[in-house]
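To keep things clear, I will list the structure first and then write my remarks on it.
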Amino acid sequence: QVQLVESGGGLVQPGGSLRLSCAASGSIYSIYAMGWYRQAPGKQRELVADITRGSGGSTSYADSAKGRFTISRDNAKNTVYLQMNSLKPEDTAVYYCNAAITTPLRVYNYWGQGTQVTVSS
């Protein structure tokens, strides 16, 4: 029902910045929230930041992202962004866009293909 396409990853020096984009298509009216997750080799996928798509646009961040990353949305363009500043080598991972659709019984999650972020000197 929902398709997600990420872009904006790449190689950056420590302290540098990147801006990730995620474009959603399909049943976008049903999306409750969108977010960014990341997965480094040998580690579990973890939440970086998320934002509700409805009125208010509440945001949340992982402790490691607070003060450095900013998630934002453009509902008219069906797009969510992740501005990443002061990048560290520890931020190296594949970053995945997520969309959540809620029902009375459960939450359905949709995922993008991922975009590689590498922070290295």
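Read-outs throughout are calculated quantities, based only on the coordinates presented, and are distinct from any laboratory measurement. It should be emphasised that the depicted structure is a prediction, and the values quoted were computed from it without experimental measurement. Cβ sites come from the backbone with ideal geometry, for glycine too, and all protein chains shown count toward neighbours.
Only Lys, Arg, Asp and Glu carry charge here, each on its Cβ (+1 for the first two, -1 for the last two); on that basis the chain has a dipole of about 80 debye about its Cα centre. If you take all other residues with their beta carbon under 11 Å from the beta carbon of GLN83, and give Lys and Arg +1 and Asp and Glu -1, the sum is +2. Hey, what did the chain get for relative contact order, percent, Cα under 8 Å, at least 6 apart? Taking the mean separation of contacting Cα pairs over the length of the chain, I get 36 percent. Taking a Cβ cut-off of under 15 Å around SER17, the surrounding Lys, Arg, Asp and Glu residues balance to a net charge of +2, with basic ones at +1 and acidic ones at -1. Note on ASN75 and ASN109: the model spin-label points, each 7 Å out from Cα along the C-beta direction, lie 2.4 nm apart.
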